[in-house]
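Asks: Pasting a structure here, questions to come.
The values are calculated or read from the model by the stated rules, or taken from the named source; none is laboratory data. Small disclaimer: the values here were computed from a predicted structure and weren't measured. Note that we place each Cβ from the backbone using ideal geometry, even for glycine, and neighbour counts take in every protein chain shown. Surface areas here come from the heavy atoms of the whole protein model, side chains and all, with no ligands, DNA or RNA. Shrake-Rupley method; radii C 1.70, N 1.55, O 1.52, S 1.80 Å.
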Amino acid sequence: SPVMNAQAPLQIHSVKIVGAGLIGTSIGLALAQQGVSITIEDADEKALALARDLLAPYIKASGGEGKEFDLVVIATPPASVIGALKSEFVINPKSVFIDVSSVKTNLIHEIEVLPALSQSFVGTHPMAGREVSGASSAQADLFNGRAWIITPTSNSSERAIAIAKQLIKALGASSYEMNAKDHDHLMARISHLPQIAASLLAKQLAGTPHEWMELAGQGLRDTTRIAGSDEKLW
């Protein structure tokens, strides 16, 4: 069932985003337009430059050296989340941390053995995205009207959960809470299976003459649209 969001004014004033892809940059755009101070980082200098260009009209600077953050959002590919969390916790020990990845069980297990981090961390997964990735596809309204799942650790503090919910509400989404195992079972059915089916179908079309493909109707386009997603991520 939906988790009711607090009606109090937004208490998130400064946010650091690690990962300048579609989700990270979209979060940054939406928050920056509401006056939240945004710092964004990415190991890919090209992706980072693009994200900062998109954010530039809304913020004075992207640098966050020596700054304290209310919230740190880890928006890297799933395999990089735990490493990024550990690194960021060392330099931002007072912050609340969330991730936005689509797999949770192993991540929560790894964080549960780190008491301090597990208090400050809440797993989250926005049920929003596009088949085109990267900062160039970012949209401030990407999360409007969408569900956003939270998977707290057994030690997540009330403050951490409250800030995660405030973020979700500020982005126009609705919070749903479940444990990590249930989340992953659900995603396997409603997200990962459709991706596999679309990719398999698209693969069968490889080599089909272009003039034949021009005859395809909307049904084929609908069932193969998400096959255009980043295959390395999947």
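Asks: So what's the projected area for the chain, the Cα convex hull averaged over all directions, in nm²? Working shown, then result.
Replies: Working: hull surface 55.1 nm².
Here the figure is 13.8 nm², rounded to one decimal.
Asks: Next question, about the same structure. For the range 14-100, what ratio Rg/Rh do Cα atoms give with a Kirkwood hydrodynamic radius? Before the final figure, lay out each step's value.
Replies: Working: Rg = 11.7 Å, Rh = 12.7 Å.
The Rg/Rh ratio comes out at 0.92.
Asks: How much of the calculated P(r) for the range 62-127 lies past 13 Å, in percent of all Cα pairs? Numbers along the way, then the final one.
Replies: Details: 1299 of 2145 pairs.
Value for the range 62-127 (Cα pairs over 13 Å): 61 percent.
Asks: How large is the translational diffusion coefficient of the range 24-152 in µm² per second when you combine the Kirkwood radius over alpha carbon pairs with Stokes-Einstein at 25 °C and 0.890 mPa s? Don't jump to the answer; show the numbers that get you there.
Replies: On the way: Rh = 15.3 Å.
The diffusion coefficient I find is 160 µm²/s.
Asks: How about the range 94-197: which trypsin sites (Lys or Arg not before Pro) there are in a DSSP loop, with at most 14 other Cβ atoms within 10 Å of their Cβ?
Replies: Qualifying residues, ordered by number: Lys94.
Asks: How big is the convex hull of the Cα atoms of the range 133-194, per residue, in Å³?
Replies: Numbers: hull volume 6.7 nm³, N = 62.
Cα convex hull per residue, to the nearest whole number: 109 Å³.
Asks: Give the Rg (one decimal place) followed by the Dmax (whole number) of the range 114-234, computed from C-alpha coordinates and expressed in Å.
Replies: 18.4, 60
Asks: Assuming a viscosity of 0.890 mPa s and a temperature of 25 °C, what translational diffusion coefficient in µm² per second does Stokes-Einstein assign to the range 93-167, Rh being the Kirkwood radius over Cα pairs? Present the calculation step by step, with values, prior to reporting the outcome.
Replies: Details: Rh = 13.3 Å.
Calculated translational D: 184 µm²/s.
Asks: Once both axes come from the Cα atoms, what is the angle between helix 81-91 and the longest principal axis of the chain, in degrees from 0 to 90, rounded to 10?
Replies: So the inclination is approximately 20 degrees.
Asks: So, taking all protein chains as they sit and a 1.4 Å probe, how much accessible area belongs to Ser137, in Å² rounded to tens?
Replies: Ser137 has an accessible surface of roughly 10 Å² with all protein chains in place.
Asks: Near the amide H of Tyr176, under 5 Å away, which other amide H atoms are found, from residues 5 or more places off or on another chain, if H is placed in the peptide plane?
Replies: Val3, Trp148, Ile149, Ile150
Asks: Still on this structure: When the accessible area of the range 100-234 is computed with all protein chains present and a 1.4 Å probe, what percentage of it is carbon and sulfur?
Replies: Values: 4060 of 7470 Å².
It is 54 percent, rounded to a whole number.
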